[in-house]
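Inspection log for the structure reproduced underneath, given as structure tokens.
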Ligand code: ADE
């Protein structure tokens, strides 16, 4: 691999990665399209790290720059998500096997969820990167689970793999999350960027993978749960998972 692109939407979702890169050596900062890109060495892996901000357009624009301007030849996204399937709880970790845009509907011209003229609704995550992310998440959960449980009052994290769905909507109601469960029974988690990144990476033949920690369960309690998780906990998870993943990759 020449250079790994590492993205999150918000700074709390990146953890201490940029500080780690600065401590390890020189980091070049490039400003482009209202974003900063940090080019350097991340736990032994040549990397370019950036924050996409929230939503599918922001994510697509950012990953496009990672590929074309910064020559990333693989991309990993880390962040938080709402749990959708009933057994996916706050504090759990979800590694995507596939991603889909739940708000994409060009019917009756194309089947619901299908990306027009690409002939597909689901985009596979790269199996090798996803296996490494899942192994890193498992190791993080085993090493830190009891500490996380006592420090943050969450259950010891479980690691799930499967479908993550993305859309330009923060899901925060019982009706909203139930509608997703009914329409897409295999959806584990919902967020606002992953499937956009997976589509752009697919179009360019760039492998990508997505790991998400569950900050809320996409119901009426989601806004408060999301805010609390993001402020207090998200960085600990991202730092713990990314450091193990990058050391295994490097
Ligand atoms: N990211 C984290 N929680 C989410 C939710 N409930 N809906 C959409 N994106 C999210």
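If you take the residues of region 179-211 that are assigned to a helix (DSSP H, G or I) and touching a helix residue (DSSP H, G or I) at 6+ places or on another chain (Cβ under 8 Å), which of them is farthest from residue 168 (Cα to Cα)? Show your work before the answer.
So the first thing to find is which residues in region 179-211 are assigned to a helix (DSSP H, G or I), and the list is 179-183, 194-204.
The next check asks that each one be touching a helix residue (DSSP H, G or I) at 6+ places or on another chain (Cβ under 8 Å); those that pass are 194-197, 199-201, 204.
Details: 194: 11, 195: 11, 196: 10, 197: 13, 199: 15, 200: 16, 201: 19, 204: 23 Å.
This residue is 204.
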Taking region 45-93, which residues are in a strand (DSSP E or B) and within 13 Å of the ligand (Cβ to nearest atom)? 77, 78, 79, 80, 81, 82, 83
Exception for residue 183 within (1) surrounded by fewer than 18 Cβ atoms within 10 Å (Cβ to Cβ); (2) within 16 Å of the chain's Cα centre (by Cα) falls at (2)
Six or more apart or on different chains, Cβ under 8 Å: which pairs go from a residue in region 169-181 that's closer than 12 Å to residue 224 by Cα to one that's more than 9 Å from the ligand (Cβ to nearest atom)? Could you list them? 172/220
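Inside region 98-134, can you point out the residues that are assigned to a strand (DSSP E or B) and more than 26 Å from residue 173 (Cα to Cα)?
115, 120, 123, 124
A short reminder: the numbers here are calculations on the coordinates, not readings from a lab. From a predicted model like this one, the values you see are computed outputs, not experimental measurements. Methodologically, a virtual Cβ is constructed for each residue, glycine included, from the backbone with ideal geometry; neighbour enumeration extends over all protein chains shown.
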